[in-house]
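For reference, the structure is listed below as structure tokens.
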Amino acid sequence: MQSLTPPSSSSYNLNKPVIRTRNRQQPSRILCMYRSDSVHFSNGIGLSRADWQSSCAILSSKVVSQEQSSDKSADHVAAVNGHKTSIDLNLVPIDQANNKPQPTPSQKPLTITDLSPAPMHGSQLRVAYQGVPGAYSEAAAGKAYPNCEAIPCDQFEVAFQAVELWIADRAVLPVENSLGGSIHRNYDLLLRHRLHIVGEVQLPVHHCLLALPGVRKEYLSRVISHPQALAQCELTLTKLGLNVAREAVDDTAGAAEYIAANNLRDTAAIASARAAELYGMQILADGIQDDSSNVTRFVMLAREPIIPRTDRPFKTSIVFAHDKGTSVLFKVLSAFAFRNISLTKIESRPHRNRPIRLVDDANVGTAKHFEYMFYVDFEASMADVRAQNALAEVQEFTSFLRVLGSYPMDMTPWCPSRGD
Ligand SMILES: O=C(O)C(=O)C[C@]1(C(=O)O)C=C[C@@H](O)C=C1
């Protein structure tokens, strides 16, 4: 199993080990664990657990929406995520009249525990996040799962692996910020890993400028923080007269920890008030984000998808591509527009497997088109027939389609960050 080690040279003992990539000393053992897990959960039809999980959200609801249709269409549906199988995917029967999932005689009615399975090891949910204690991601983990055990990881990738290897039950990862935009790394990782989005939280982000006790603004020659935090405070730093070097580090709280551990009196960090408290820093300026309504959206990831519902607002996240390029985009978006399904987010990322498509024309030469993966979030549950029909249509237009998750929207009342 992946080993846990205490944080680097920090003199602060927070009793919270950070999972670090450099301690992945036994890849073969990790691989074995994963394989045996797949075998153990295999459903006897040749699909691994991971395959089954990634297929089930879209496949189950689509098959159910076409309950009366032929075997041929079931095969067709089962190819949506690239898995050709005759598996019975009739997992979430839909009452078409009420547009609600219905229990069948062989199924127990759903309870709240079905929607958010309890951890197998005890009552406290273990939630992996990137950063060290005091990071905003830790606060997001606490908002998503009050009373959870937050597990710090030194990289996003490690947070994904912590869940895959059963070290954690969930990962909480930032995907976009209202000022800084998308956190692209996490979009790429969502595709590379087989975890499911099971929820979202939006966290007001209130940045502070932190320095060692006694340090004044005039002494500073640099400010360090997470690149997103530096971007979110760019104008305010200038307004404060801080024309100092800005340097990116892995996370906001880690910046504060680093300054404290190395007694750096010429360096300030952009981080939370909680980080100031944890690492014995003073707050030189409070609320330094360029916009008072600065919000970061985080998604929660799990090994299992949740069962989509229609009795509360849900969002669904998908990723798709087409081997004929971007011309498909308009058609895909129209599938949602015709059904009055609002999109809340669209993002494109390079198609890593095939980044460039060459189109040769003997007369004029060779066009080099960049290829993309498109990520779309829309406001509907996969248990909603409108979403099922929209995705059935999207499937016709795309060569790759994966549902990343269908999950409750964060509807907590707007509560701007402290001091605004
Ligand atoms: O560094 C942190 O404290 C984080 O949690 C990371 C992160 C990010 O990746 O965007 C999260 C929220 C803020 O937007 C700034 C940084």
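The values are calculated or read from the model by the stated rules, or taken from the named source; none is laboratory data. Remember, predicted model here, so these are calculated numbers, not experimental data. Positions of Cβ are backbone-derived with ideal geometry, glycine not excepted, and every protein chain shown enters the neighbour counts. SASA here: full protein model, heavy atoms, side chains in, ligands and nucleic acids out. Shrake-Rupley method; radii C 1.70, N 1.55, O 1.52, S 1.80 Å.
Contact list please: Cβ distance under 7 Å, first residue in the range 187-215 and closer than 16 Å to residue 298 by Cβ and without any contact (Cβ under 8 Å) to a residue 40 or more places away in the chain, second residue within 16 Å of the ligand (Cβ to nearest atom) and of a type outside the set (A, V, I, L, M, F, W, C), pairs at least six apart or on different chains.
189/157
Of the conditions (1) buried (at least 23 other Cβ atoms within 10 Å of the Cβ); (2) in a helix (DSSP H, G or I); (3) within 12 Å of the ligand (Cβ to nearest atom); (4) of a type outside the set (Phe, Trp, Tyr), residue 224 fails just one. Which one is it?
Among (1) buried (at least 23 other Cβ atoms within 10 Å of the Cβ); (2) in a helix (DSSP H, G or I); (3) within 12 Å of the ligand (Cβ to nearest atom); (4) of a type outside the set (Phe, Trp, Tyr), residue 224 violates only (2).
For (1) of a type outside the set (Val, Ile, Thr); (2) within 17 Å of residue 287 (Cβ to Cβ); (3) out of contact with any His (no Cβ under 9 Å at 6 or more places or on another chain), each residue gets a yes or a no:
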{"position": "203", "(1), (2), (3)": "yes, yes, yes"}
{"position": "218", "(1), (2), (3)": "yes, no, yes"}
{"position": "225", "(1), (2), (3)": "yes, yes, no"}
{"position": "251", "(1), (2), (3)": "yes, no, no"}
{"position": "254", "(1), (2), (3)": "yes, no, no"}
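Looking only at the range 210-221, count every residue that is over 22 Å from residue 132 (Cα atoms) and open to solvent by 10 Å² or more (accessible area, probe 1.4 Å) and tell me the total.
Total satisfying the criteria: 7.
Which one of 283, 288 is of a type in the set (Val, Ile, Thr) and buried (at least 19 other Cβ atoms within 10 Å of the Cβ)?
Of the residues listed, the single one that is of a type in the set (Val, Ile, Thr) and buried (at least 19 other Cβ atoms within 10 Å of the Cβ) is 288.
Looking at the range 315-335, I want the residues that are over 24 Å from residue 197 (Cα atoms) and have a partner that is among the polar types (S, T, N, Q) with Cβ atoms under 6 Å, at least 6 apart or on another chain. Which pairs are those?
Once the first residue is over 24 Å from residue 197 (Cα atoms) and sits in the range 315-335, its partners that are among the polar types (S, T, N, Q) give 323/399.
Kindly evaluate residue 331 against the criterion of being basic (Lys, Arg) and either exposed (fewer than 12 other Cβ atoms within 10 Å of the Cβ) or assigned to a loop (DSSP other than H, G, I, E, B) (or both).
The answer is no for residue 331.
Where in the range 241-306 are there strands (runs of 3 or more DSSP E), lying fully within it, with 2 or more residues that are within 12 Å of the ligand (Cβ to nearest atom), out of contact with any Lys or Arg (no Cβ under 8 Å at 6 or more places or on another chain) and closer than 21 Å to residue 176 by Cβ?
Answer list for the range 241-306: 267-271, 295-302.
Residues that are of a type outside the set (Asp, Glu), open to solvent by 20 Å² or more (accessible area, probe 1.4 Å) and within 18 Å of the chain's Cα centre (by Cα): does the range 393-410 have at least one?
yes
Checking the conditions here, which among 184, 207 is closer than 29 Å to residue 347 by Cβ and surrounded by fewer than 18 Cβ atoms within 10 Å (Cβ to Cβ)?
Every option except 184 fails the conditions.
Considering each of 200, 247 in turn, give the residue that is more than 30 Å from residue 374 (Cβ to Cβ) and either at pLDDT 95 or above or in contact with a Ser or Thr (Cβ under 7 Å, 6 or more places away or on another chain) (or both).
Of the residues listed, the single one that is more than 30 Å from residue 374 (Cβ to Cβ) and either at pLDDT 95 or above or in contact with a Ser or Thr (Cβ under 7 Å, 6 or more places away or on another chain) (or both) is 247.
Just name the residue that is least open to solvent (accessible area, probe 1.4 Å) out of those in the range 227-258 that are over 21 Å from the mean Cα position of the chain (by Cα) and of a type in the set (S, T, N, Q).
236
Can you pull out every residue in the range 334-356 that is open to solvent by less than 50 Å² (accessible area, probe 1.4 Å), part of a loop (DSSP other than H, G, I, E, B) and over 16 Å from residue 398 (Cα atoms)?
341 - this is the single residue of the range 334-356 that is open to solvent by less than 50 Å² (accessible area, probe 1.4 Å), part of a loop (DSSP other than H, G, I, E, B) and over 16 Å from residue 398 (Cα atoms).
Could you please find all residues in the range 140-178 being of a type in the set (A, V, I, L, M, F, W, C), more than 14 Å from the ligand (Cβ to nearest atom), in a helix (DSSP H, G or I) and open to solvent by 10 Å² or more (accessible area, probe 1.4 Å)?
Across the range 140-178, there are no qualifying residues.
Could you check residue 372 against (1) touching a residue at least 60 places away in the same chain (Cβ under 8 Å); (2) open to solvent by 30 Å² or more (accessible area, probe 1.4 Å); (3) more than 16 Å from the ligand (Cβ to nearest atom) and say which number it fails?
All conditions are met except number (1).
Tally time: how many residues in the range 357-396 are modelled with pLDDT of 95 or more, assigned to a strand (DSSP E or B) and among the acidic types (Asp, Glu)?
Total satisfying the criteria: 1.
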